[in-house]
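Undergrad: Before we start, here is the structure in question, set down as C-alpha cells.
The values are calculated or read from the model by the stated rules, or taken from the named source; none is laboratory data. Note that the structure is a prediction, hence the values are computed from the model and not measured. No Cβ is skipped: glycine too gets one built from the backbone with ideal geometry, and neighbour counts run over all protein chains shown.
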Amino acid sequence: MSLRARVTFSIDEASRTLVFRYIGDLTGDRLYAQIINYIQTIEAPWLYDFLVDARRFEGVIQSSDTETFGRWWADLAQGRDTGRRIAVVSSDPLIHARKGLRDAIFPHRTSGVFDTMDEAQEWLATASPQAAA
C-alpha cells in the first residue's frame, strides 16, 4: 500500500527545533512549497534548528529545488541562523551524499546526516555543534 504523500510539521519549543517529516513520493517543488508555507507561520524561524525525518520519503529532490529553497531561506534569514543546525535522518545514500550541497546552500548552519532519530536528536542536544557525516 502506497503512503499518502505529505510533509508533516511540529515544533519542539524546549529544544528550539522545527521538525519536518517527509512521507511518501513527493517532488522537491511540492515539498519545499509546503515547507515555505509552514515556515512563514513561525515567528523568527531562523532561531530554530531543523530536524528532517526522511525515513519514509520515497521521492527524489532535485538539487535545483534545494538551491531555490536555499535562496529563499537566505533572503528570509539574512544570516540570523548562524550557529543553528540541520539534522537529516535517512538511510538513503543519495541524501547522505548531498550533505555537501546542504552545507553550501546553508552556510550559516552546521548539518549532519543520521540513520536514526535518536542519533539526530542526541547530536542536536549537544552544546557545541560539530558536523556529522
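Undergrad: Which of the residues that make up segment 93-107 are touching a strand residue (DSSP E or B) at 6+ places or on another chain (Cβ under 7 Å) and basic (Lys, Arg)?
TA: Hits for segment 93-107 are Lys99, Arg102.
Undergrad: Hey, can you tell me all the residues within segment 75-95 that are closer than 17 Å to Phe20 by Cα and not charged (D, E, K, R)?
TA: Once the filter is applied, which keeps residues that are closer than 17 Å to Phe20 by Cα and not charged (D, E, K, R), segment 75-95 yields Ile86, Ala87, Val88, Val89, Ser90, Ser91, Ile95.
Undergrad: Does Ala74 count as touching a residue at least 60 places away in the same chain (Cβ under 8 Å) and among the aliphatic types (A, V, I, L, M)?
TA: no
Undergrad: Can you tell me which residue within segment 1-57, out of those that are of a type in the set (A, V, I, L, M) and part of a loop (DSSP other than H, G, I, E, B), is surrounded by the fewest Cβ atoms within 10 Å (Cβ to Cβ)?
TA: Among them, the one singled out is Met1.
Undergrad: Here are the criteria: (1) over 14 Å from the mean Cα position of the chain (by Cα); (2) at negative phi. Tell me which single one Gly83 does not satisfy.
TA: Only one criterion in (1) over 14 Å from the mean Cα position of the chain (by Cα); (2) at negative phi is unmet by Gly83, namely (2).
Undergrad: While we're here: If you go through segment 61-83 one residue at a time, do you hit one that is surrounded by 14 or more Cβ atoms within 10 Å (Cβ to Cβ), among the hydrophobic types (A, V, I, L, M, F, W, C) and at pLDDT below 95?
TA: Taking every residue of segment 61-83 in turn, at least one turns out to be surrounded by 14 or more Cβ atoms within 10 Å (Cβ to Cβ), among the hydrophobic types (A, V, I, L, M, F, W, C) and at pLDDT below 95.
Undergrad: Here's another thing I want to ask about it. Restricting attention to segment 43-83, which residues are out of contact with any strand residue (DSSP E or B) (no Cβ under 6 Å at 6 or more places or on another chain), of a type in the set (Phe, Trp, Tyr) and farther than 13 Å from Ile105 by Cα?
TA: Hit for segment 43-83 is Trp46, nothing else.
Undergrad: Could you please let me know if Ala125 is over 13 Å from the mean Cα position of the chain (by Cα), at negative phi and hydrophobic (A, V, I, L, M, F, W, C)?
TA: For Ala125, the condition - over 13 Å from the mean Cα position of the chain (by Cα), at negative phi and hydrophobic (A, V, I, L, M, F, W, C) - is met.
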